[in-house]
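Below is one structure, written out as structure tokens; the observations come after it.
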Amino acid sequence: MTLREKAGLCTGATPWQTLTVERLGLKHITVSDGPHGVRRAVDPSQMINESYPATCFPVAATIVSSWDTELLEEMGQALADECIALDVDILLGPGNNIKRTPLCGRNFEYFSEDPTLAGEMAASLIRGIQSKGVGTSLKHFAVNNQETRRFTINAEVDERALHEIYLRGFEIAVKKGNPWTLMCAYNRVNGDYCSEHRYLLTNVLREQWGYEGFVMSDWGAVHDRVAAVKAGLELQMPGPAAHSVQAVIDAVETGELDEAILDQAVERLLKIILRAQETPKGTGSFDIEKHHALARRIASESMVLLKNDDNLLPLSGEETIAVIGTASQTPVFQGGGSSHINTTKVDSPWDMLKERAEVRYASGDSVTETVSQGEIEEAVVVAKDADVALLFIALPASIESEGYDRPNIHLTAQQEALILAVAQANPRTVVILNNGSAIDMRAWIDSVPAVLEAWLPGQAGAGAIIDILYGDVNPSGKLGETFPLKLSDTPAHFNFPGDDKEVRYGEGIYVGYRAYDEQERQVLFPFGYGLSYTQFEYSHLQLSSSSFALDETLQVSVDVTNTGKHAGKEIVQLYVHDAESRLKRPAKELKAFAKVALQPGETKTVTMKLDDRAFSYYDPAYGQWLVEAGDFDILVGRSSVELHLSAQVHIAEGTPLPSILNKESTLSDWMQDPRGEKIVQPMLDDMFGDDSSDTLGMDSMTFFQDLPLTVLIGFSGEANEKSPDEQVEDLLEDLNNDRTPVAGD
């Protein structure tokens, strides 16, 4: 390839296609917005234009509540079928950013507040799509957790939180899903744009994780094309961008950019381009009805029954129904922005309810800015005359969408007033919610007996709602995010969304349930929560061993019994608690989960596997993940606050670690390092003797533990030809000459 061809291949030829090199017979590939549907542009030469009809599956905020990895693979295969039909080589998704705050306007496109759940679900969707020869683009890498000033904001996040929270989900998806491409985020992370972030794109992604695909930019995320190539970004989108092509050419010709780096980028692109072309595309057809039925099944597996006092649900089918809310006739089933799908068809709750019951309708909430008492009074009249009132409540697009963040987590004033009025008029009121993230329900939750979180359930969501309301499907979804009582309780509240240049991630690793556990703060609905029409019991928690070594796998098994009268599915959640660690850790962290289907009275044994990463944390001092020796509690149950069973496993030897002691290390640092303790203990014996209590009535070792060793030596007053600094340098030399491997403890 010529230099111009290579530079051109690294920049899109159109907003949705790569370069065609006719001289070499190299065809372009086409990418399309996703991730829960195929938004294939009719005219790829235009950035914004009409898209072909496709199935709008439930969004990520919905499907994560299924906790069903096999179901997501099935959804991925259907998405691939539509990509093949619509001549799409790479689907831009899934989105895998952490839900740091419920205010993020794009939360509906993201999975969870927890990186294990998010990573496993993303990996499953990727595997499903790519199993049929269609690529994915895992996004937005990384720390993209708000829409406010998303193109330029600098996310200041500490190293430990970066790896444990914001990169861990991507790591799982990369290693278990192997996406063909990754898409970088717009924002900066600790000063550098993600498109030019060598630490993220090269050190972490390629060197630590072993990633072999290519990295593309989000649309318009590149600021310095040459710097981006050097950092590890292969493809700039969108195109055409003649200035970017010329910038790369000029940089190579002047020696600013080593052509070998460009060649490496081109090789990575060519591998994926040629792989994509192994699967013929553009057949133009897929099974619309089959995919619509799949979308309905996925939605029904994902909806979360939040409240069901006195078993109001399921309905018997004999009730007269008051249907209230504009979302019942004009369903809200997807978010706004680049993921918006031109649907093949859309089901309406109103139309489907008319087939099941005697129904009457009132709009109730057609206004959004003010409270319409007239609409509320009309809804009250309809509700009074019915056996059951179904309130369809959806956040309007003006509140929740890509491009802007939510101002709060309330429903509209009209919706809250409507719920209270209808609930007072009819004590058998069910609220059905359509939203992409947590909602403050304090104003009305105690007034209604039943609440169904239907999320943004895709084009077939109406059918899934009806299936659950009438018991054709037993609800089994559980929350992938905590619903707080109020916004001020959320861990990022004081720092979100930052100023005009920077947002500080001051909560560190304490995101979501990790923070609420640490603060012992009550929440509205906890992470992992969800009700069923049946009941489950847990018993016989067993570990494959009471001890664990770093090269082993620990198997955890538990019996789950359906003790109720209905067939149902339970999501078993496994959390790990570290009894003692050098650095502070969350009270517990999700490390595995499984979904099991059970008939009434049936018992099944659920088995989950843990490797050493389930017990590890990221230590910035060592710049790596490590496991400490000690005891760990294995906690199993149905939510983050309902953990019924526990067992303990012991790790005898932790991760082998180098010494990181230096001249500024404290006495405590030296004593915690096995080699350091061996070297410094004789000196301490000389200083304090057998009796460590001094004339001040204190324990010397405890009192002096935070003193740098140089200062402690200076305090000792012992005569020595060398200064305290020189004495510590001698100790460090002895330390570095000791090559005995030491396991971290």
I'd like to know if the range 306-318 contains one or more residues that are modelled with pLDDT of 95 or more, outside the structural domain of Val88 (by TED's automatic domain parsing), of a type in the set (Lys, Arg) and assigned to a helix (DSSP H, G or I). no
Out of the residues in the range 488-514 that are aromatic (Phe, Trp, Tyr) and farther than 17 Å from Asn408 by Cα, which is surrounded by the fewest Cβ atoms within 10 Å (Cβ to Cβ)? Tyr510
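Residue-wise test of (1) in contact with a strand residue (DSSP E or B) (Cβ under 9 Å, 6 or more places away or on another chain); (2) crowded, with 21+ Cβ neighbours inside 10 Å; (3) modelled with pLDDT of 95 or more; (4) acidic (Asp, Glu).
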| residue | (1), (2), (3), (4) |
| --- | --- |
| Tyr516 | no, yes, yes, no |
| Tyr538 | yes, no, yes, no |
| Gln542 | yes, no, yes, no |
| Ser557 | yes, no, yes, no |
| His566 | no, no, yes, no |
| Glu589 | yes, yes, yes, yes |
| Pro600 | yes, no, yes, no |
| Lys604 | yes, no, yes, no |
| Lys609 | yes, no, yes, no |
Filter the range 197-211 for residues that are under 20 Å from the mean Cα position of the chain (by Cα) and in a helix (DSSP H, G or I); the one that is farthest from Gln624 (Cα to Cα) is Leu201
Taking the residues in the range 175-196 that are part of a strand (DSSP E or B) and free of Cβ contacts under 8 Å to residues at least 60 places away in the same chain as candidates, determine which candidate is surrounded by the fewest Cβ atoms within 10 Å (Cβ to Cβ). Asp192
Take the range 608-641 and flag every residue that is of a type in the set (Ser, Thr, Tyr) and closer than 18 Å to Leu162 by Cα. Ser616, Tyr617, Tyr618, Tyr622
Would you mind telling me which numbered condition in (1) at pLDDT 80 or above; (2) touching a helix residue (DSSP H, G or I) at 6+ places or on another chain (Cβ under 7 Å); (3) over 30 Å from Phe632 (Cβ atoms) Met687 fails? (1)
Thr14 being part of a helix (DSSP H, G or I) and assigned by TED's automatic domain parsing to the domain that holds Ala251: no
Check Arg149, Arg160 and return the single one that is surrounded by fewer than 24 Cβ atoms within 10 Å (Cβ to Cβ) and at positive phi. Arg149
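Conditions tested, residue by residue: (1) polar (S, T, N, Q); (2) on the phi > 0 side of the Ramachandran plot.
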{"site": "Glu453", "(1), (2)": "no, no"}
{"site": "Ala462", "(1), (2)": "no, no"}
{"site": "Asn474", "(1), (2)": "yes, no"}
{"site": "Leu479", "(1), (2)": "no, no"}
{"site": "Ala492", "(1), (2)": "no, no"}
{"site": "Glu502", "(1), (2)": "no, no"}
{"site": "Gly508", "(1), (2)": "no, yes"}
Pick from Ser401, Ser447, Ser437: which is over 26 Å from Gln334 (Cβ atoms) and either buried (at least 23 other Cβ atoms within 10 Å of the Cβ) or of a type in the set (S, T, N, Q) (or both)? Ser447
Answer with yes or no whether Asp33 is among the acidic types (Asp, Glu) and surrounded by fewer than 20 Cβ atoms within 10 Å (Cβ to Cβ). no
In this structure, does Lys604 turn out to be within 23 Å of Leu313 (Cβ to Cβ), in a strand (DSSP E or B) and of a type outside the set (S, T, N, Q)? no
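The values are calculated or read from the model by the stated rules, or taken from the named source; none is laboratory data. These numbers come from a predicted model, not from an experiment. As a convention, Cβ positions derive from the backbone with ideal geometry for all residues, glycine included, and neighbour counts pool all protein chains shown.
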